[in-house]
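**Q** Pasting a structure here, questions to come.
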Amino acid sequence: MASLSQKFTMKTAVFMLLLAVFTCGLAQVEDADEPEELQVETLVKPETCSILSRMGDTLQIHYTGKLMDGKVIDSSLSRDPLVVELGKRTVIAGLEQSLVGVCEGQKIKATIPSHLAYGKKGYPPTIPGNAALEFEVEVISLSQQTQWQKMVNDVFPLVCLALVPTLLGLVGLYLYKKASAQKPSKKKAKDKKSKKK
């Protein structure tokens with residue numbers, strides 16, 4: 001009876017191992033179509049392209065986002081153009097990265113891997129988890145960052161970071177002095193009142 005149980009267990013273990021290997025192999029074949037890195041293809045580039053976008057610039061774009069099977073998930077074509085300030089993370093990381101180095105009037109096609117889109121969670125019910133996306137984007141306008149905007153975006157956060165510890169230090173010093181200041185005792189207060197009488 002024990003040898004029968006041992007044979008059955010051994011056969012079951014081998015079967016489960018083969019099943020696991022086969023399943024993993026199928027999963028890898030299905031994921032083979034998914035891009036592992038951002039791919040950007042230029043569809044239309046204007047004849048003159050003197051100004052390229054960079055972080056901090058503001059773009060107005062029209063886009064159509066699709067799953068890799070071609071199902072449209074979102075489009076701005078029936079709305080006003082989307083305003084994107086590069087570096088502010090107002091759009092998914094892959095789309096923002098694909099918009100660096102483009103010029104006004106350019107059309108691109110960005111194939112975005114899931115880790116630069118919505119990741120493992122996806123955006124239910126429209127976008128499943130681990131879904132790669134494809135965006136066709138037309139840059140309607142490009143406004144470069146002014147020196148003032150650059151200073152505000154680059155220097156202001158650093159100034160704020162420096163002010164927080166300074167303010168906390170001043171509050172701590174105030175509280176320390178207040179706590180360590182000698183308070184008049186009740187006896188001295190009574191003595192002063194009796195002297196006034």
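The values are calculated or read from the model by the stated rules, or taken from the named source; none is laboratory data. Worth saying up front: this structure is predicted, and the values here are computed from it rather than measured. No Cβ is skipped: glycine too gets one built from the backbone with ideal geometry, and neighbour counts run over all protein chains shown. When the accessible area is computed, the model is the full protein with side chains, heavy atoms only, and any ligands, DNA or RNA have been set aside. Shrake-Rupley method; radii C 1.70, N 1.55, O 1.52, S 1.80 Å.
**Q** At what distance in nm do the modelled label points of Ser180 and Cys103 sit from each other, each positioned 7 Å from its Cα along Cα→Cβ?
**A** 6.5 nm
**Q** For Ile73, enumerate residues with amide H under 5 Å from its amide H, sequence gap 5+ or separate chain, H modeled in the peptide plane.
**A** Answer set, sorted by chain and number: Gly65, Lys66, Leu67.
**Q** When the gyration tensor of region 39-144 is built from Cα positions, what are the square roots of 5 times its three eigenvalues, in whole Å, from largest to smallest?
**A** Its equivalent ellipsoid spans semi-axes of 23, 14, 12 Å.
**Q** Any chance you could look up the accessible area of Val152 with a 1.4 Å probe, heavy atoms only, rounded to 10 Å²?
**A** Here the residue's solvent-accessible area equals roughly 60 Å².
**Q** Of Gly119, Thr58, Leu95, which is farthest along the charge dipole of region 39-144 in the positive direction, counting Lys and Arg as +1 and Asp and Glu as -1 at C-beta?
**A** Sorting the options by dipole projection puts first Gly119.
**Q** Taking 7 Å along the Cα-to-C-beta vector as the label spot, tell me the Gln144-Glu37 distance in nanometres, rounded to one decimal.
**A** Simple spin-label model gives 2.9 nm for this pair.
**Q** Karplus couplings for region 48-53 from phi (6.51 cos²θ - 1.76 cosθ + 1.60, θ = phi - 60°), rounded to Hz, Gly and Pro as x?
**A** Using θ = phi - 60°, the values come out as 10, 9, 8, 10, 9, 6 Hz.
**Q** Using the Karplus curve 6.51 cos²θ - 1.76 cosθ + 1.60 with θ = phi - 60°, work out ³J(HN,Hα) for each residue of region 71-87 in order, rounded to whole Hz, and write x for Gly and Pro.
**A** 5, 6, 9, 6, 8, 9, 4, 8, 10, 5, x, 7, 9, 10, 9, 4, x
**Q** Hey, can you grab everything whose amide H is under 5 Å from the amide H of Gln145? Only 5+ residues off in sequence or another chain; H modelled, so Pro and N-termini drop out.
**A** So Gln145 has HN proximity to Asp57, Thr58.
**Q** Give the calculated FRET efficiency between Met68 and Val164 to the nearest 0.05, with a Förster radius of 45 Å applied to their Cβ-Cβ distance.
**A** 0.50
**Q** Let me ask something additional. In whole Hz, with x marking every Gly and Pro, tabulate ³J(HN,Hα) for region 111-116 from phi via Karplus 6.51 cos²θ - 1.76 cosθ + 1.60, θ = phi - 60°.
**A** 9, 10, x, 4, 5, 9
**Q** For region 39-144, with only Lys/Arg (+1) and Asp/Glu (-1) charged at the beta-carbon, what is the dipole magnitude about the Cα centre, in debye rounded to 20?
**A** I would put it at about 360 debye.
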